[in-house]
Amino acid sequence: QVQLVESGGGVVQAGRSLRLSCVVSGFTFSRYGMHWVRQAPGKGLEWVSVISFDGRDKQYAGSVKGRFTISRDNSKNTLNLQMNSLRAEDTAVYYCAKIDCGADCPPDFWGQGTLVTVSS
Amino acid sequence: DIVMTQSPLSLPVTLGQPASISCRSSQTFVHSDGNTYLHWFQQRPGQSPRRLIHKISNRDYGVPDRFSGSGSGTDFTLKISRVEAEDIGVYYCVQATHWPWTFGQGTKVEIK
């Protein structure tokens, strides 16, 4: 059974930092790129970041570039998102997701999300 | 960044009737491998999203065949042949060819 369990959300003041984690089980974590996608309250989905299967390649949305850092620990089946210099507009539910699709398109899996609230 | 524009943003539907959602992109996004990475996601109320369609027209595993995707270039469509109660939710298109991935605004499908 595949599980992606996010943690680390909470209420934080603007300008401060927060670190999200996502522990994965049920598939071979080290074989797949992993994403963070967020959803502001009552709003749509916004792609945030991706990391390659081996951690070498990373991409970020313009809105978070230079403030957020994605990382992974394949020995612990864990995906992380270090969020610095947080802003009110970063308030959202953050989902970790296995949603890569190339020539081969394996099933997608999502966590339940963790809520980050940035107070100004 | 590629802008994805969905219409309508709200779609009242009658159970058993068809529904159609449009997604238009600000530019074409064909990958160097020849694929157009246009996917459709469904988000039911209170749930995490799930992918329904990948690469324009390929249904994901377990997705009912009443869902179909089509399109090319900058115009794409998700169709539901006969809407069922479990189809209520928000549908998103996303271009996943170029970084950053960009989602459409979402289309809320609700019962009329």
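The values are calculated or read from the model by the stated rules, or taken from the named source; none is laboratory data. All figures in this text were calculated on a predicted structure; none of them were measured in a lab. Methodologically, a virtual Cβ is constructed for each residue, glycine included, from the backbone with ideal geometry; neighbour enumeration extends over all protein chains shown.
Summary table below
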quantity: Entirely in region A:54-94, the strands (runs of 3 or more DSSP E) that have 2 or more residues that are out of contact with any Leu (no Cβ under 6 Å at 6 or more places or on another chain) and more than 14 Å from every other protein chain (Cβ to nearest Cβ); calculated: A:68-73, A:78-83
quantity: Qualifying residue in region A:70-89 (condition: without any contact (Cβ under 8 Å) to a residue 60 or more places away in the chain, more than 14 Å from the chain's Cα centre (by Cα) and more than 20 Å from A:Ser30 (Cβ to Cβ)); calculated: yes
quantity: Residue satisfying condition, being over 14 Å from the mean Cα position of the chain (by Cα) and among the small types (Gly, Ala, Ser), within set A:Gly55, A:Gly66; calculated: A:Gly66
quantity: Some residue of region B:56-64 being assigned to a strand (DSSP E or B) and under 23 Å from A:Ala40 (Cβ atoms); calculated: no
quantity: Candidates A:Ser49, A:Ser71, A:Ser119 - the one that is in contact with a strand residue (DSSP E or B) (Cβ under 8 Å, 6 or more places away or on another chain), closer than 19 Å to B:Thr102 by Cβ and at pLDDT 95 or above; calculated: A:Ser49
quantity: Matching residues, region B:20-49, being buried (at least 20 other Cβ atoms within 10 Å of the Cβ) and either charged (D, E, K, R) or away from chain A (no Cβ under 12 Å) (or both); calculated: B:Ile21, B:Cys23, B:Ser25
quantity: Selection count where residues are closer than 30 Å to B:Ser10 by Cα and either among the basic types (Lys, Arg) or not in a loop (DSSP other than H, G, I, E, B) (or both), scope region A:1-49; calculated: 11
quantity: Yes/no for B:Val13 being crowded, with 16+ Cβ neighbours inside 10 Å and either in contact with a strand residue (DSSP E or B) (Cβ under 9 Å, 6 or more places away or on another chain) or hydroxyl-bearing (Ser, Thr, Tyr) (or both); calculated: yes
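A quick yes/no check of all residues on (1) among the hydrophobic types (A, V, I, L, M, F, W, C); (2) at the interface with chain A (Cβ under 10 Å from one of its Cβ atoms); (3) within 10 Å of the chain's Cα centre (by Cα):
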| site | (1), (2), (3) |
| --- | --- |
| B:Asn58 | no, yes, no |
| B:Gly62 | no, yes, no |
| B:Asp65 | no, no, no |
| B:Asp75 | no, no, no |
| B:Ser81 | no, no, no |
| B:Tyr91 | no, no, yes |
| B:Ala96 | yes, yes, no |
| B:Phe103 | yes, yes, yes |
